[in-house]
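Chemist: To start, I am sharing the structure in question, which I have written as structure tokens.
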Amino acid sequence: MNAIRIRGGIPLSGTVRISGAKNAALPVMAATLLTEEKCRINQVPALGDVMVMGHVLELLGARVTHNGESMLIDNRDVQPRKVLSPLMRQLRASCLSLGPLLGRFGWACISYPGGCDIGPRPIDLHLKGLAAMGAEISQEGGYISARARELVGANIHLDFPSVGATENLMMAASLAKGTTLIHNAAKEPEIVDLQNYLNSMGWTSHH
């Protein structure tokens, strides 16, 4: 179909229930890696990317249970490990596991993320921000490894307001010692959702 023809003039009525946003669900799913406590996320859309993210968490040791639009994630047995690159390459947001794993365990290793073919989307801003907090970053064989004995709060200036970098750095900063300031941070609605979720977990974040 090359076109959609809409004939107006008819009054609209009724209600439409809007499902949760994928772009909000994915970083919140990654944020559950910050804790050993069981986490429940509501209004999770039943989309392929959400399923892939759940599989990524399971490969790290999580137990992911679906109940309608609710998702229960138990990360007590999570351990940082290399995640199979074919799975990571299906989903751009898989790189959001880097910040929380590094903050919780002091080590994380991911393959280069994939996702939609909408042009180059490097994660160099993610890595620069983590390095500013004290992480040592290495890249070899298609994998990105980050290590830190302790993450420390830092002043981070993003070259542009990257949504993914802002999310990754917010999660890493949640377990860093001291205060982190992210300048030129993204302001999309999913950033606010992640901020609210981190605050509900006990950390303090402001936009």
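Chemist: Any chance you could count how many residues in the stretch 74-93 are out of contact with any strand residue (DSSP E or B) (no Cβ under 9 Å at 6 or more places or on another chain) and more than 22 Å from Pro122 (Cα to Cα)?
Modeler: Going through the stretch 74-93 one residue at a time, the tally reaches 2.
Chemist: Also, quick follow-up: Could you check the stretch 1-40 and list, in sequence order, the residues that are under 19 Å from Ser174 (Cα atoms) and among the hydrophobic types (A, V, I, L, M, F, W, C)?
Modeler: Those that are under 19 Å from Ser174 (Cα atoms) and among the hydrophobic types (A, V, I, L, M, F, W, C): Ala24, Ala25, Leu26, Val28, Met29, Ala30, Ala31, Leu33, Leu34, Cys39.
Chemist: Related question: Out of Arg81, Arg92, Arg40, which single residue is crowded, with 18+ Cβ neighbours inside 10 Å and basic (Lys, Arg)?
Modeler: Arg92
Chemist: Right, something else. Output the residues belonging to the stretch 4-43 that are more than 17 Å from Val78 (Cα to Cα) and of a type in the set (Val, Ile, Thr).
Modeler: Ile4, Ile6, Ile10, Thr15, Val16, Ile18, Ile41
Chemist: Can you go through Gly54, Gly61, Gly99, Gly103 and tell me which one is of a type in the set (Gly, Ala, Ser) and out of contact with any helix residue (DSSP H, G or I) (no Cβ under 8 Å at 6 or more places or on another chain)?
Modeler: Exactly one of Gly54, Gly61, Gly99, Gly103 is of a type in the set (Gly, Ala, Ser) and out of contact with any helix residue (DSSP H, G or I) (no Cβ under 8 Å at 6 or more places or on another chain), namely Gly61.
Chemist: So the check is Cβ under 6 Å with 6+ separation or different chains; which pairs have a first residue in the stretch 2-24 that's within 26 Å of Gly48 (Cα to Cα) and hydroxyl-bearing (Ser, Thr, Tyr) and a second one that's assigned to a loop (DSSP other than H, G, I, E, B) and modelled with pLDDT of 90 or more?
Modeler: Close Cβ pairs satisfying both conditions: Ser19/Pro45.
Chemist: How many residues are more than 16 Å from Ala132 (Cβ to Cβ) and crowded, with 22+ Cβ neighbours inside 10 Å when one looks only at the stretch 154-163?
Modeler: Within the stretch 154-163, residues that are more than 16 Å from Ala132 (Cβ to Cβ) and crowded, with 22+ Cβ neighbours inside 10 Å number 0.
Chemist: Give the stretch 164-182 a look and list any residue that's in contact (Cβ under 8 Å) with a residue 60 or more places away in the chain, closer than 15 Å to Asp124 by Cβ and either open to solvent by 40 Å² or more (accessible area, probe 1.4 Å) or among the hydrophobic types (A, V, I, L, M, F, W, C) (or both), or say none.
Modeler: If the condition is that a residue be in contact (Cβ under 8 Å) with a residue 60 or more places away in the chain, closer than 15 Å to Asp124 by Cβ and either open to solvent by 40 Å² or more (accessible area, probe 1.4 Å) or among the hydrophobic types (A, V, I, L, M, F, W, C) (or both), then Leu169 is the only one that fits.
Chemist: Pick out the one residue from His55, His66 that is open to solvent by 30 Å² or more (accessible area, probe 1.4 Å), in a helix (DSSP H, G or I) and either closer than 24 Å to Gly202 by Cα or at pLDDT 90 or above (or both).
Modeler: Exactly one of His55, His66 is open to solvent by 30 Å² or more (accessible area, probe 1.4 Å), in a helix (DSSP H, G or I) and either closer than 24 Å to Gly202 by Cα or at pLDDT 90 or above (or both), namely His55.
Chemist: Right, here's the next one. So in the stretch 110-136, with the set limited to residues that are at pLDDT below 95 and part of a strand (DSSP E or B), which one is surrounded by the most Cβ atoms within 10 Å (Cβ to Cβ)?
Modeler: Ile110
Chemist: Within the stretch 144-161, identify whether any single residue is assigned to a helix (DSSP H, G or I) and not acidic (Asp, Glu), and answer yes or no.
Modeler: no
The values are calculated or read from the model by the stated rules, or taken from the named source; none is laboratory data. Treat the numbers as computed from the prediction; the structure is a model and nothing was measured. Positions of Cβ are backbone-derived with ideal geometry, glycine not excepted, and every protein chain shown enters the neighbour counts. Calculation scope for accessible area: heavy atoms of the full protein, side chains included, ligands and nucleic acids excluded. Shrake-Rupley method; radii C 1.70, N 1.55, O 1.52, S 1.80 Å.
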